[in-house]
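See structure below.
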Amino acid sequence: MTTPDRQGSTNIDPSVPPSGTGCADCEASGGWWFHLRRCAACGHVGCCDSSPAQHASTHAAGSGHAVVQSFEPGEEWFWDYARAQYVEDGPRLAPPESHPGDQSVPGPADRLPADWRTRLR
């Protein structure tokens with residue numbers, strides 16, 4: 001089931017859980033991330049545009065799933081890549097709503113290069 005957001009997009013499925021607790025693509029490639037974003041259509045967790053690989057926006061462009069929600073503890077905002085704007089009043093998505101609070105940011109800690117700050121975009 002998909003539900004429209006305030007702007008009329010039907011690219012949100014609140015019943016789909018997140019794909020994991022970290023960026024699915026960084027996990028597969030041995031990479032690392034700064035912050036995480038969750039696809040509101042399919043649950044894919046990807047890294048933000050400040051991260052070296054920018055997997056969340058790459059997923060949005062390749063899949064047509066434009067709307068993501070922050071996957072950071074305490075953050076509830078949505079972003080629409082297609083419109084380059086925040087989505088107001090998005091629905092509550094299936095739990096969990098963020099990565100675990102004790103998970104390192106950036107992460108994963110054991111894969112961070114010593115100069116990680118200089119690698120942010």
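Summary table
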| item | result |
| --- | --- |
| Single match in Ala61, Ala40 (criterion: within 24 Å of Asn11 (Cβ to Cβ), at pLDDT 95 or above, of a type in the set (A, V, I, L, M, F, W, C) and surrounded by fewer than 17 Cβ atoms within 10 Å (Cβ to Cβ)) | Ala61 |
| Number of positions in the stretch 29-55 that are farther than 16 Å from Arg121 by Cα and of a type in the set (A, V, I, L, M, F, W, C) | 5 |
| Val68, sole failed condition from (1) buried (at least 19 other Cβ atoms within 10 Å of the Cβ); (2) of a type in the set (Val, Ile, Thr); (3) in a loop (DSSP other than H, G, I, E, B) | (3) |
| Residues being surrounded by 11 or more Cβ atoms within 10 Å (Cβ to Cβ) and hydroxyl-bearing (Ser, Thr, Tyr) - total across the stretch 102-121 | 1 |
| Verdict on Val105 being assigned to a strand (DSSP E or B), at negative phi and not acidic (Asp, Glu) | no |
| Filter result for Gly20 (surrounded by fewer than 19 Cβ atoms within 10 Å (Cβ to Cβ) and within 13 Å of Gly107 (Cα to Cα)) | no |
| Arg83 among the basic types (Lys, Arg) and within 13 Å of Arg38 (Cα to Cα) | no |
| Lone qualifier among Ala61, Ala28, Ala56 - being part of a helix (DSSP H, G or I) and within 22 Å of Asp89 (Cα to Cα) | Ala56 |
| Some residue of the stretch 78-101 being within 24 Å of Gly30 (Cβ to Cβ), among the hydrophobic types (A, V, I, L, M, F, W, C) and surrounded by fewer than 14 Cβ atoms within 10 Å (Cβ to Cβ) | no |
| Selected residue (only one of Asp49, Asp25 is surrounded by fewer than 19 Cβ atoms within 10 Å (Cβ to Cβ), out of contact with any Asp or Glu (no Cβ under 9 Å at 6 or more places or on another chain) and not small (Gly, Ala, Ser)) | Asp49 |
| Residue count, the stretch 108-121 (criterion: outside any loop (DSSP other than H, G, I, E, B) and free of Cβ contacts under 8 Å to residues at least 12 places away in the same chain) | 4 |
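The values are calculated or read from the model by the stated rules, or taken from the named source; none is laboratory data. Because the structure is a prediction, the values reported are computed rather than measured. Note: ideal-geometry Cβ built from the backbone for every residue, glycine included; neighbour counts use all protein chains shown.
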